[in-house]
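K.L.:
Provided herewith is a single structure, encoded as structure tokens, for subsequent inquiry.
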Amino acid sequence: MENNFKKTKREGVVIFSPYESGSSIKKALEIGRENILFEVRESKMKGRGGAGFPTATKWMLVAASRADKKYMICNADEGEPGTFKDRVLLTEYPALVFDGMVVGGYTIGSEIGILYLRGEYIFMLEELEDFLQSMRKQNLLGKNILGKEGFNFDIAIRLGSGAYVCGEETALIESLEGHRGEPRNRPPYPVNTGYMGYPTVVNNVETLASIPQIITKGADWFKAHGTDKSTGSKLFSVSGDCEKPGVYELPWGTSLNELVEIVGATNTKAIQVGGASGICIPKSQFDRKLSYEDASTGGSIMIFNQSRKMLKVLKNFMEFFVEESCGQCTPCRIGNIKLLEGVVKIEKGDYTFSYINSLKDLSKTMQVASKCGLGQSSPNPFISILENFKDEIFSSNGNGANHA
Amino acid sequence: MLVYEKNSLSEEIELLIERFGKDRVALLPILQIIEKRHNYISEFAQQEVARLLDIHPVEVYSVVSFYNFLHRYPQGKNIVRLCKTISCDMAGKQEIEKALKRELGINFDETTRDKKWTLEYTSCLGMCDQGPAMLVNDKIYTKLDPETAVKILNDTK
């Protein structure tokens, strides 16, 4: 019952393929910075947190900048509802994540790595600290790593304190600096002005966990999986109405139909792709493919069967955003409250369609006017659920609303 | 707060500053430790941290009020955080919720009179494949049913 998620042996083509701890660091030090950047660029690796920014570009920008200090930050503030892949990576594959940080640190010329772990994951803190200690003993961390003169790198773990918005990279940096986790204006981007004003790379846990595999096995091997624009594989956190929930490593380009088959979901009505800030896809569109170019996701897949009421699902998401909006910018702070109000009114049957339409307009305003990804994406479920399930929600004999 | 309590708290915060450094970066770790030891961060503690870090007290207040895991008012010795995200909801969160409320005789966001328990909701705990899930202090419990949830309370000292 408690921490019982360590036993399963996982299968997968890229991240879950066999890997020997420390081997990528050794190889990285042999081939040198330029070749690492070349391999990562060739692999067309994109950030796995959801935004999909090319990892190599981010690294190159920081590697090329001149500064006394540079920082390598791993974003383990996995807060998106329905996402738990980082939990699996950190508890079962810490070597991949930390080796990825060391390789990244070497490439960009950083000496300090920080793992920002969300407060909810405090239960894994001790084991992670032990793992770092064992890496120090093997000289995978510390001074002159593996005998490489002048390459010093160490990793510190910092805990978050329960704020979803801190998963946004500039909010994360603010939090690390001891401030409220409120996103900054961008530009300047963290690659120029990051932690304490120094050039900083912030990478998702899964992004970093892919790096050791790319370095040891090569960009071509990595590219052989996935699609043209979305190379490699992705960890999907599957939850909801299916027989086998859990983390699955599947190549990009897998269709929702295939996914439903794999996880043993029957009688499915809809799938929420990308967590609360993602979109809700009805069964009629299950031929859509999971990839950056089609149904993009940071990994969260929530499955709803025919018995679920989509309005209730939407209400849960909107309550989440009202709670987690940092309150800094008005479109997000007020907008989410207005959208939740709308959902409650629909629930009561106390709405007009012109009111709903004005809320849809508000959603569009939020998408363009909000300061960070939270407010820009929080209207997604509102728009997609009302659009795709309007028959259920607005029909008087439907079971979405309580009226009739 | 009694004078000797204030003095010991000041001393404690001084030691924390020695350990983490007199730097704004140290603010969050310091607050996290105070929260852990005292189950909240009192106004006096906020002022002391501000004084010793050379920042305005409102800066400390603004940080304390921002984060869900930091509290400005006394909480119970043990904090139960039940995940309220839709995945846990579909897995039967409501039953757990009822059982916890019944057992402790309080609602969510309340603390028992003996200051032993606080009930809170939390956003996704990242245990969606094993819901319903709750966090009791630093420990995570998954695949709960009402009976095991109550047993966990009884086993936690």
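K.L.:
Select from A:161, A:24, A:277 the residue whose mean-square fluctuation is largest in a Gaussian network model of chain A (Cα-Cα springs shorter than 10 Å).
P.N.:
A:161
K.L.:
How far apart, in nm, are the 7 Å Cα→Cβ label points at residue B:4 and residue A:341?
P.N.:
The two pseudo-label positions are separated by 5.4 nm.
K.L.:
Rounded to a whole number, what is D in µm²/s for the protein assembly as shown from Stokes-Einstein with the Kirkwood radius over alpha-carbon pairs (10 °C, 1.306 mPa s)?
P.N.:
On the way: Rh = 24.5 Å.
Taking Rh from Cα pairs, D becomes 65 µm²/s.
K.L.:
Local charge sum around residue A:130 (other residues, Cβ-Cβ under 12 Å, Lys/Arg +1, Asp/Glu -1)? Mind dumping the intermediate values first?
P.N.:
Details: positive: A:136, A:137; negative: A:126, A:127, A:129.
So the environment of residue A:130 carries a net charge of -1.
K.L.:
Can you give the helix-only mean residue ellipticity at 222 nm for the protein assembly as shown, where every DSSP H stretch with n ≥ 4 adds -39500 (n - 2.57) and the sum goes over all residues, rounded to the nearest 500 deg cm²/dmol?
P.N.:
Details: 23 runs with 248 residues, N = 561.
That calculation yields -13500 deg cm²/dmol at 222 nm.
K.L.:
Work out the mean other chain Cβ neighbour count within 10 Å for the residues of A:273-281 and drop it here as an integer. Before the final figure, lay out each step's value.
P.N.:
Details: counts 0, 0, 4, 4, 0, 0, 0, 0, 0.
Mean shielding count: 1.
K.L.:
With θ set to phi - 60° and the Karplus curve 6.51 cos²θ - 1.76 cosθ + 1.60, what are the ³J(HN,Hα) couplings of region A:330-337 in order, to the nearest whole Hz, using x for Gly and Pro?
P.N.:
5, x, 7, 4, 7, x, 5, 5
K.L.:
Here's something else I'd like to know. Roughly how crowded by other chains is peptide B:83-96, in terms of the mean Cβ count from those chains within 10 Å of each of its Cβ atoms? Don't skip to the answer; put the middle values down first.
P.N.:
Numbers: counts 2, 5, 11, 18, 14, 2, 4, 12, 4, 0, 0, 0, 0, 0.
Whole-number average of other-chain Cβ neighbours for B:83-96 is 5.
K.L.:
Calculate the length of the line joining the C-alpha centroid of region B:10-26 to that of region A:220-284, in whole Å.
P.N.:
One Cα centre to the other: 46 Å.
K.L.:
Viscosity 1.002 mPa s, temperature 20 °C: what is the translational diffusion coefficient of region A:310-394 from Stokes-Einstein with a Kirkwood Rh over Cα pairs, rounded to a whole number of µm²/s? Mind showing how you got there, number by number?
P.N.:
Working: Rh = 12.6 Å.
Here the translational diffusion coefficient equals 171 µm²/s.
K.L.:
For the protein assembly as shown, can you list the cysteines whose C-beta has no other cysteine C-beta under 4.7 Å from it?
P.N.:
If one checks each Cβ against the other cysteines of the protein assembly as shown, A:74, A:166, A:242, A:280, A:326, A:329, A:332, A:372, B:124, B:128 turn up with nothing under 4.7 Å.
K.L.:
Give the distance, in whole Å, between the Cα centre of region A:327-381 and the Cα centre of region B:113-139.
P.N.:
Value for the Cα centre distance between the two parts: 29 Å.
K.L.:
So what are the three principal axis dimensions of region B:3-66 from its Cα atoms, in whole Å, longest to shortest?
P.N.:
27, 23, 20
K.L.:
Right, here's the next one. Write down the Kirkwood hydrodynamic radius of region A:1-110, to one decimal in angstroms, obtained as one divided by the mean of 1/r over all alpha carbon pairs.
P.N.:
Numbers: mean 1/r = 0.0642 Å⁻¹.
The Cα-based Kirkwood calculation yields 15.6 Å.
K.L.:
Now a separate question. Which of A:285, A:376, A:272 moves most in a GNM of chain A, Cα contacts under 10 Å?
P.N.:
Judging by the Gaussian network model, the answer is A:285.
K.L.:
Anyone know which of A:254, A:55, A:170 comes out most mobile in the 10 Å Cα GNM of chain A?
P.N.:
Checking each option, the largest mean-square fluctuation is seen for A:254.
K.L.:
Whole angstrom only: what separates the Cα centroid of region A:287-314 from the Cα centroid of region A:108-165?
P.N.:
Answer, in whole Å: 34.
K.L.:
Treating only the Cα positions of region B:78-155 as identical point scatterers, give the base-10 log of I(q)/I(0) from the Debye formula at each q in 0.23 Å⁻¹.
P.N.:
Each listed q corresponds, in turn, to -1.02.
K.L.:
Taking every eigenvalue of the Cα gyration tensor of region B:50-103, multiplying by 5 and rooting it, what semi-axes result, largest first, whole Å?
P.N.:
Working: eigenvalues 242, 38, 8 Å².
Here the semi-axes work out to 35, 14, 6 Å.
K.L.:
Let me understand chain B better: what is its radius of gyration from the alpha carbons, and its Dmax, in angstrom?
P.N.:
Computed over the Cα atoms of chain B, radius of gyration and Dmax are 17.6, 51 Å.
Throughout, read-outs are computed from the coordinates displayed, never taken from laboratory work. Here the structure is a predicted model, which is why all the values come from computation and not from measurement. In this analysis, Cβ positions are derived from the backbone assuming ideal geometry, glycine residues included, and neighbour counts consider all displayed protein chains.
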